[in-house]
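Report on the structure given below.
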Amino acid sequence: MLPVSAVASLLILALALFVYTPYAEFPLLFVVMPLICITLLVVLVIAIVKKRKHLQGSTVLTLAAVIVVSFAILKLQDPIRESLRWLLWSSRFKAEALASPAPHPGELRHMEWEATGFAGVANNTVYLVMDPSDALHSAAQTGSPGKYPGIPCEVLRVRRLEARWYSVRFYTDEGWGEQNSLDCKGRSR
């Protein structure tokens, strides 16, 4: 019972953090996981001192499960976060994207969906992109970085949210319509 309860609690907390903050990695990695592991280690020491074999085995199993599940969650945090946000609020995001100004000729309709970074350093931007022809589907299937039609410069990744709707992650410190190292305005250098 202890392994299931601990892992279920961790999953619920992680999913709640993923939905509401792009910075869920920090509290999970530096607060939640250490607290759970320290608590389990204390329980294990008590079980060893009191010679409760059943509790020892259960605690070791729980500790292993928490560690494995934690690292799996952290590894898959981007797709989990995007999928959860899309599941919960896609109608709002779609309305906002469709209400945005018309794109430049040759570009896809888009809006900034999420931006992270610190004080102008290591800024990472994800755009919500509406592709009426669904041409980005193959880019999402390959998962490879590249330059795709309707997007002004090379991007790190395209992920399909549903038919005609994609999340597009730009490289660090790059953004749609900005002249930067990848020249995302589409101008020649």
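Each reported figure results from applying straightforward, stated rules to the coordinates on display, with no laboratory input. In this text, all values refer to a predicted model and were calculated from it rather than measured experimentally. Reconstructed Cβ throughout: ideal geometry from the backbone, glycine too, with neighbour counts over all protein chains shown.
Close amide H pairs (under 5 Å, H built 1.01 Å from N) link L161 with Y166, S167, residues at least 5 positions away or on another chain. For the pair L41 and V121, label points projected 7 Å from Cα toward Cβ lie 3.1 nm apart.
Between H104 and Q179, what's the calculated FRET efficiency when r is the beta-carbon distance and R0 is 22 Å? Round to 0.05. Could you put the intermediate results ahead of the total?
Working: r = 14 Å, r/R0 = 0.63.
It comes to 0.95.
The trypsin sites (Lys or Arg not before Pro) of the stretch 132-178 that meet both conditions, a loop assignment by DSSP and at most 12 other Cβ atoms within 10 Å of the site Cβ, are K147.
Given R0 = 30 Å, the distance between the Cβ atoms of K75 and E162 translates into a calculated FRET efficiency of 0.80. Relative to its Kirkwood radius, the Cα radius of gyration of the stretch 26-168 gives an Rg/Rh of 1.19. Of the chymotrypsin sites (Phe, Trp or Tyr not before Pro) found in the stretch 5-105, the ones in coil according to DSSP and having at most 14 other Cβ atoms within 10 Å of their Cβ are Y23. Under a 5 Å amide H cut-off, with hydrogens placed 1.01 Å from N, Y171 pairs with L156 among residues at least 5 apart or on other chains. The residue list V168, V19, V66 was ranked by how far each Cα lies along the charge dipole of the chain toward its positive end, using unit charges on Cβ atoms, and V66 comes out on top.
Computed from Cα atoms, the angle from the helix 77-99 axis to the main principal axis of the chain rounds to 40 degrees.
Of the GluC sites (Glu not before Pro) in the stretch 61-168, the ones in a loop by DSSP (not H, G, I, E or B) with at most 16 other beta carbons within 10 Å are E107, E154.
What residue among P22, P101, P145 shows peak mean-square fluctuation when the chain is described by a Gaussian network model with Cα springs under 10 Å? Looking only at P22, P101, P145, the largest GNM fluctuation is found for P101. Against the chain, whose longest principal axis is taken from its Cα atoms, helix 2-20 shows a tilt of about 30°. In the chain, the calculated helix contribution to ellipticity at 222 nm averages -15500 deg cm²/dmol per residue, counting -39,500 (n - 2.57) for every DSSP H run with n ≥ 4. Taking 4.7 Å between C-beta atoms as the pairing limit, the chain has these partnerless cysteines: C37.
Placing +1 at every Lys and Arg Cβ and -1 at every Asp and Glu Cβ, with all other atoms neutral, what dipole size does the chain have around its Cα centre, in debye to the nearest 20?
Details: 19 positive and 15 negative charges, 172 e Å.
The calculation lands at about 820 debye.
Counted over the stretch 2-75 with a bin width of 5 Å, the fraction of Cα pairs per bin, in whole percents, is 3, 17, 27, 23, 14, 9, 5, 2, 1.
Once the convex hull of the C-alpha atoms of the stretch 90-169 is built, how many Å³ does it hold per residue, rounded to a whole number? Working shown, then result.
Details: hull volume 8.2 nm³, N = 80.
Value for the stretch 90-169: 102 Å³ per residue.
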